[in-house]
1. Through the Karplus equation 6.51 cos²θ - 1.76 cosθ + 1.60, θ set to phi - 60°, convert the phi angles of the range 390-401 into ³J(HN,Hα) values in whole Hz; use x for Gly and Pro.
2. List the chymotrypsin sites (Phe, Trp or Tyr not before Pro) in the range 21-90 that DSSP assigns to loop (not H, G, I, E or B) and whose Cβ has at most 10 other Cβ atoms within 10 Å. Which are they?
3. Ranked highest first by average number of other Cβ atoms within 10 Å, how do 367-375, 216-224 line up?
4. For the range 166-240, just the Cα set please: Rg and Dmax, both in angstrom.
5. By what distance, in whole Å, do the Cα atoms of the chain stretch along each of the three principal axes, largest value first?
6. Taking θ as phi - 60°, what are the ³J(HN,Hα) couplings along the range 220-226 by the Karplus curve (6.51, -1.76, 1.60), each to the nearest whole Hz, with x for Gly and Pro?
7. Report Rg(Cα)/(2.2 N^0.38 Å) for the range 278-348, keeping two decimals.
8. State the percent of C-alpha pairs, over all pairs in the range 226-367, separated by a distance greater than 28 angstrom.
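Quick note: the coordinates plus some simple rules give every number you see, no bench work behind them. Small disclaimer: the values here were computed from a predicted structure and weren't measured. Neighbour counts are summed over all protein chains in view; Cβ atoms, including those assigned to glycine, are modelled from backbone coordinates with ideal geometry.
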Amino acid sequence: IKRTAASTPPLPPVYSEGVPVVGNVKAFMSGPMQFARRGYQACGEVFTLRLGWKRLTFLVGPAAHAVFFRATDEELDQAPVYSFSVPVFGEGVVYDAPLPVRLEQFRFVSTALRPSRLREYVPWMVREAESYFQRHWVGDSGTADILQSLSQLIILTASRCLMGREVREHLFEEVSQLYHDLDQGMQPLSVFAPHAPTRAHWRRDRAHRQMKRLFHRVMQERRQRYAAEAERAQREGRDGQVAVDAVKEADMLQTFMDATYKSGKPLSDDEITGLLIAVLFAGQHTSTITGSWTGLLALRDAAVVQQLHEEQAQVLVDERGQFAIDYDRLLRLDRLHRCIKEALRMYPPLIFIMRQVMQPRQYQQYTIPTGDILVVSPSISMRLPQVFAEPDRYDPERYAPPREEDKQAPFSHIGFGGGRHACMGEQFAYLQIKTIWSVLLRDFDMEAVGALPQPDYEAMVVGPKPPCLVRWRRRERNGGNV
Ligand code: HEM
């Protein structure tokens, strides 16, 4: 016994508060991020919080993150900790699929988000942003809740780029209502009891079934249209496949419809619907929140706004002096890029990224045992003064050379995660947020109203607490010139 004890490496220190058992649960429920931050202050880079029978072990700081982000899926598994999403995404999809299937499904998503696809999405993003603000910010001046505006706009863009033209043009109201019901069915309670008999869960399940029916219809109509096109081409002596390719949609739905597993089997209609829902969930709140903080922070700093206007004038003007937003120009908006990155550092929407330990992990002298839930927290780790100088100060230029604070160690800026499961939508999100703020900076003078909102740590995806008001005045435009 003695020998076993001496040769067993120690477990990480345990941080507790209040009376045993109940104290920790109470502290966690009333502010999980603050509780974990106190754990870090007391114990350092690695520590465990005990919640009932569950052990949550935190890794804080770039060196510790490497243990998390460099692990394989066999060592650290996503599926058990994200299983609450199964009733929303559906059976057999992503976290409900066996690992090899899940990895293939992720590959389909990354195909739909590769640069050649993003280039095609940008004109749709621009059109949606221009049309949204024309329709909703009416008159010469006004006040708007930026979080609400971006939430409405981003689901419009997502529906166009990801779910397709038919949904955007004819089924948008229906899909956004179904999305709302699915979203309401993903509450903190759902994490612990995803099938608890609540009204929200019942509505969630109904919305999931309706979403499947809706997409089955859309896909069936597409297939019929393509078949008719091929037939017509063949009757006219043309190549059927070439004719179909010419009319094929270029959205994520189509990518999934054309995808096949390595076995040669296509995705089922249910799998396609589930993947679309999963991607919508991955991008909707996260992009809305990051886009909103980008503006809420920048608009409180006159020098930053001035620099952003200068950059827009330098980069987003074509040969004829006309304002032009396209994929290549958006990539060159470095200052705006840094503003988004800084907003994400200060207020990451995903405050915990989690895995279940499947094979013991080692960090420093500690062993993290099988069964622990391993957590990295972007909100805690991106405010470490040893990584980001004066971390509570808004300073987008910290990413510019020569400082490049995020590049001093791997896994420093983890707003989009890292390693093999780093966010696949990072470029999509940057392009979308840059498009929105380019349109806003071009068309409006804006100022922030009141104090900077507080983050709402009670939400599943943490955003600014409303109201998030901005006052706007339409800018004079000179025939499209900046
Ligand atoms: C994964 C953040 C936008 C698709 C992740 C992860 C983070 C993240 C932290 C890692 C989760 C983990 O390791 O468990 C964000 C933020 C966004 C954003 C902050 C906006 C500012 C998007 C968008 C899409 C998307 C727009 C799709 C269009 C995905 C997917 C994954 C993912 C598919 C799963 C990758 C995997 O597990 O291999 N995201 N995301 N995200 N994100 Fe995003």
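1. Karplus values, whole Hz, x for Gly and Pro: 6, x, 8, 8, 6, 8, x, 6, 5, 8, 7, x.
2. Answer by residue number: W53.
3. 367-375, 216-224
4. 18.9, 60
5. Cα extents, longest axis first: 85, 55, 44 Å.
6. So the J values, rounded to whole Hz, are 4, 4, 4, 4, 5, 5, 5.
7. 1.24
8. That tail contains 55 percent of the Cα-Cα pairs.
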